[in-house]
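Throughout, read-outs are computed from the coordinates displayed, never taken from laboratory work. The model shown is predicted, which means the values in this text are computed figures rather than measured ones. Glycine also receives a Cβ, built like all others from the backbone with ideal geometry; neighbour counts cover every protein chain displayed.
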Amino acid sequence: MRVALIANPHASRFSGRQRDRVVATLAAGHKVEVLQTGHPGQATELAGQAVAGGAEVVAVLGGDGTVNEVVNGLRGSGAALGLLGGGRVNVVARGLGLPADPDRAAARLVELLAARARRRLTLGVAGERCFALNAGLGLGGAIVREVERRQRAKQLYGDRAYLAAGLKALLVDYDRDHPHLTAHLPDGRPPLHGFFALVGNGDPFTYLGRRQFRPTPQATWDGGLDLLVGQTMATRALVRALTGMLSPHPRAGYPGLPVLHDVDGFSLSSDVPLPFQLDGEYVGDRTSVTFGCLRSTLEVVAPPARA
């Protein structure tokens, strides 16, 4: 089988030696082409080139941001996505029951290829860009933006950098008095007004260390999108909700934080620009975003969903 390996040398846990071990594991039974990114966004181009060159599987050695880029390059193709870990969190891989460690992930990918194991996932669409995992307009985007401004702290402190960014965004930077955001819903349902929105395409939304963060716990990798609208910024309500979202048994919605489940499309608008993130990457400030989903469109080399 022809496998294109797209590696991000700037990923949190990347090393040249590890890349070579992964290549050796895959090359034992497959024809492997190694493509290495040199700048942000290039993984999308490389994935498209790999597919045009006949790759049947495009495997990613990098974090969720690199996975996002590759997914956008695979859109509409018949190639399957392979996940090899290598990032800081690897939410998509872990959410699908795959190893985050690249050596173990490579061995598992070989096993799954031999078994012809595949799973078809939904892709979320925001404007013209796809996402595999999640999106956030407002507070979530502000947290990601703050972390990206402090890359050195992210490398040194990991999840603590996200916690510090979250506290700064919530307590210092974010407008907690004026609900600028509106969620426009399908089927004639009344709009929801709030301060921020989170969009889940799977569960968990992300991880904090080994703990799952689950604001949209009913979201499935092969269903529609789940939308949480933050209608309160009251500290007590947010603390109670966050505690629940980090617990083993989160609820589908909390007071002031309603969740809509399995939605095919909606739009978000704001009367001021709000920070926007896709799959954990800050992509700029937006006053409007239109969301949709492509059900069962992405083939992934992964075990079947648990019953």
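At-a-glance table
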| item | result |
| --- | --- |
| Part-to-part distance (alpha-carbon centres) for the stretch 31-90 and the stretch 231-294, which is given in Å | 28 |
| HN-Hα J in Hz across the stretch 116-121 - Karplus 6.51, -1.76, 1.60, θ = phi - 60°, x for Gly and Pro | 6, 7, 9, 9, 9, 10 |
| Positive-pole candidate from Leu294, Ala132, Phe276, dipole of the chain, charges at beta carbon | Ala132 |
| The chain: angle of helix 16-27 to the longest principal axis, Cα-based, in degrees nearest 10 | 60 |
| Amide proton proximity set for Leu61, modelled H, under 5 Å, gap of 5+ | Ile6, Ala7, Asn8 |
| Acute angle (nearest 10 degrees) that the helix 235-245 long axis makes with the longest principal axis of the chain, alpha-carbon atoms | 30 |
| Amide proton proximity set for Trp221, modelled H, under 5 Å, gap of 5+ | Asp203 |
| Karplus-derived 3J(HN,Hα), 6.51/-1.76/1.60, for each residue of the stretch 88-95, Hz, glycine and proline x | 6, 10, 6, 5, 4, 4, 5, x |
| Sequence of Val71, Val263, Val301 once ranked by neighbouring C-beta atoms within 10 Å, starting from the fewest | Val263, Val301, Val71 |
| Sequence-distant residues sharing a close amide H with Thr206 (under 5 Å, placed H) | Phe213 |
| Rounded to whole Hz, the Karplus (6.51, -1.76, 1.60) HN-Hα couplings of the stretch 280-294, x for glycine and proline | x, 10, 6, 10, x, 8, 9, 9, 7, 9, 9, 10, x, 8, 10 |
| Principal-axis tilt of helix 159-168 within the chain, Cα atoms, nearest 10 degrees | 20 |
| Inter-label distance for Glu128 and Arg176, nm, one decimal - labels placed 7 Å from Cα along Cα-to-Cβ | 3.9 |
| Simple label model, 7 Å out from Cα along Cβ direction - Leu167 to Arg240, nm | 2.3 |
| Cα→Cβ-extended label distance, 7 Å offset, between Arg21 and Ser247, nm | 4.0 |
| Label assignment, percent of Cα pairs over 25 Å apart derived from the structure, set (1) 61; (2) 46; (3) 43 | (2) |
| Gyration tensor verdict on the stretch 2-117 (Cα atoms; rounded if a/c is under 1.5, prolate if a/b is larger than b/c, oblate otherwise) | rounded |
| Likely footprinting exposure, Leu81, Leu123, Leu242, fewest C-beta neighbours within 10 Å first | Leu242, Leu123, Leu81 |
| FRET efficiency estimate (nearest 0.05) - Cβ-Cβ, Arg104 to His10, R0 25 angstrom | 0.70 |
